[in-house]
Structure formats: C-alpha cells, structure tokens
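Following: one structure in structure tokens, then a few remarks.
No lab work stands behind these numbers, since they all come straight from the coordinates. All of these numbers come straight from a predicted model, not from anything done at the bench. Virtual Cβ from ideal backbone geometry, glycine too; neighbours counted across all protein chains shown.
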Amino acid sequence: MPRFRCPDCCCGPAVVLHPPKGALPVCSRCGTVMERQPLVKPVPLAVFLAVSSALVGLSIPALMGPPAPPRPPKSETLA
Ligand SMILES: [Zn+2]
C-alpha cells in the first residue's frame, strides 16, 4: 500500500491513499502535494543483510572446520 506524507504538515502520520494513476495526492489540510514514502527503508535492510551474511560466513568455518590442535603452554611467563 502506498503511503504519503505531507512535507508541510510534516509531523502528522503517513496516510494510505489510493490516488489515480499518474496523479499525486494533495494534503487535505494545506493543499500541498504529498510525498510518497517507501514501505521498507533500503539502508537498514542492506545493513541487516550484510551483518547476517557476515555472521553466517564467520560461523560456518568454525562449525565445519577441524578443531584446532591444542597448543602447548608457553614456558615463558608474562611479566
Ligand atoms: Zn499538509
């Protein structure tokens, strides 16, 4: 569903309208042509996809790879 918000009455809620094709809805309060709002913000979605894919890429070698051989403790002590 397309959502529109008036740029002048900026703090009001976005309204769902069904304007005729090719026409822009007009604010009923001030008469300004309203701006269309995207349903899904593209930037957070891209960030979420990047983070999730990175997590999967990091976790797969840890799960599938052979366990690392235990290292002998170093004889030298840390001061
Ligand atoms: Zn308005």
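Extension gain, LEU24 to ALA62: 0.36 nm times the residue separation minus the Cα-Cα distance gives 8.4 nm. Distance between the pseudo-spin-label points of ALA46 and SER75 (7 Å out from Cα toward the beta carbon): 5.6 nm. Here's how it looks for GLN37: its modeled amide H is under 5 Å from those of ARG3, PHE4, ARG5, which are all 5 or more places away or on a different chain.
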